Amino acid sequence: LPQGPSRLNTTEKGETGKIHLPREIFRSLSSQTVRVVVTVLDIQRLGMFKEVNQTAQVLDNTVVGITVGESSISGLQDPVKLTFAHRQLPHGVTLQCVFWDPSKGQAGGWSSSGCETQPGDKGTVCSCDHLTFFTLLLNPALDSSTAKALIAVATAGCGVAMAFAIFTIAFCIFIRCRFRFEETVHINLGLHVNLVGSLFLLNLVFLLNSGLSGRSHPRTCRVLGGLTHYCLLCCFTWTALEGCQLYLLFVKVLGIYIHHYLAKLCLIGWGFPVLVVGVAGVIGSYGEYSIQNMEHQVIAHLCWITSEHLLVHYITNCGYFGLIFLFNMAVFGVVTQKSCSLQNTGAVQGHRKPWKVALVAAGLFCLLGATWALAFLTYGISSAAVLYIFTILNSLQGIFIFIWLVVLYYPKTKETTGSLSYITRHDKTTTASQ
């Protein structure tokens, strides 16, 4: 085989993929007779080539392996060319030619070292300087204009959220000092202040992060990444505590008294994230994280959890919030059912207008962190619309909570007719009478 085969068709569904092996490979083998083996694998069926924490998709779940003879071939001047045929791909993905590197990570992973990607209309050409197992990854990515718009919206939203967080904290302090409420309402106000405070810190740290990352010292970036993670976990934890408080008010309505209750909640809300961030910091999870667009250009640097420790992100952020979201939505359902049952029995009729009921429900929805659930829809191949909605709603979360608190707690009459405490008091009375 002085020249070797130039093309091999490797398709299963009528689409033709091509492989071009350079003459350089066979010249180095002199007059030897060698076997050229091309292996096409369906990795979904075989359960092979599974990278830990992989977010990209493998095109058609197909991996192509090439071997020539028994020796390992690398460092080719004239590269091997593989053409992966495909139809029009979904919007918002970037193509990347990769090979399987057994030395990457603990169980191996995909690497693009020594490979170039040349996208085309009917297929993508991968040019690599060695022989091994190759495939084409579909990475979720943003185009430059969408990414810049999202960054601008997020930055403006952080400023708005911080302003309304200050308004909300000032309002809670004002009504707590100005009006006489029962102890339950005082505890609720304290919870709201801590939740809004955690939102304020999260937005502040995000602005510092986006402004300083990329120009900061690696040690400073690690500290900033840990601080950002801490503020995010505090925000999640306080939404969970809000859900627990609502559960105690609407489900366990009788005989609940905990000494220094609010102080203990503060110990959990601000202390538990310290333990999580401390453990993540010990294993070196924080550092610079780059966000790339579809052209592989870096559009933003963040001090965050590094790409090598994405498992920390999935466990402490995605998994943790997922559990909180499920619990809070169950509490939200109970609160809504209780409120509707009281409304139907006439217990609060004449006091609560329909628009106020809807506003209270929407406020509870935001208070329990439901807007963060949209983050689960931004993984993988997703539309830019979801990213816009997620960014805008979380930016407006502070405004929603502020309006909700004003309508709910500010007494316009002698009775706190629209408050949760009124519903809770009536529910307690009804339960006791039964």
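Coupling constants for segment 318-335 follow from the phi torsions by the Karplus curve (6.51 cos²θ - 1.76 cosθ + 1.60, θ = phi - 60°), and in residue order they are 5, x, 4, 5, x, 5, 4, 4, 4, 5, 5, 5, 5, 5, 4, x, 5, 4 Hz; glycine and proline get x.
Subtracting the Cα-Cα distance of Val160 and Thr33 from their residue separation scaled by 0.36 nm leaves 38.5 nm. The H on the amide N of Gln96, modeled in the peptide plane, is under 5 Å from the matching H of Leu137, Asn139, each at least 5 residues off or on a different chain. Note on Val125: accessible area is roughly 40 Å² with a 1.4 Å probe, heavy atoms of protein only. Computed from the C-beta positions of Ala362 and Val251 and an R0 of 22 Å, the FRET efficiency is 0.50 to the nearest 0.05. Listed cross-link partners Lys50/Lys122; Lys18/Lys81; Lys252/Lys338; Lys18/Lys50; Lys50/Lys104 are compared with a 18 Å cut-off, the Cα-Cα value being larger for Lys50/Lys122; Lys18/Lys50.
Cβ-Cβ distance of Ile315 and Glu182, R₀ of 51 Å, FRET efficiency by 1/(1 + (r/R0)^6): the value works out to about 0.80. Given R0 = 45 Å, the distance between the Cβ atoms of Arg45 and Arg215 translates into a calculated FRET efficiency of 0.40.
The values are calculated or read from the model by the stated rules, or taken from the named source; none is laboratory data. None of the values given here were measured: they were computed from a predicted structure. Don't worry about glycine lacking a Cβ; one is built from the backbone with ideal geometry, like all the others, and counts go over all protein chains shown. Remember, those area values only see protein heavy atoms, side chains included, never the ligands or the DNA or RNA. Shrake-Rupley method; radii C 1.70, N 1.55, O 1.52, S 1.80 Å.
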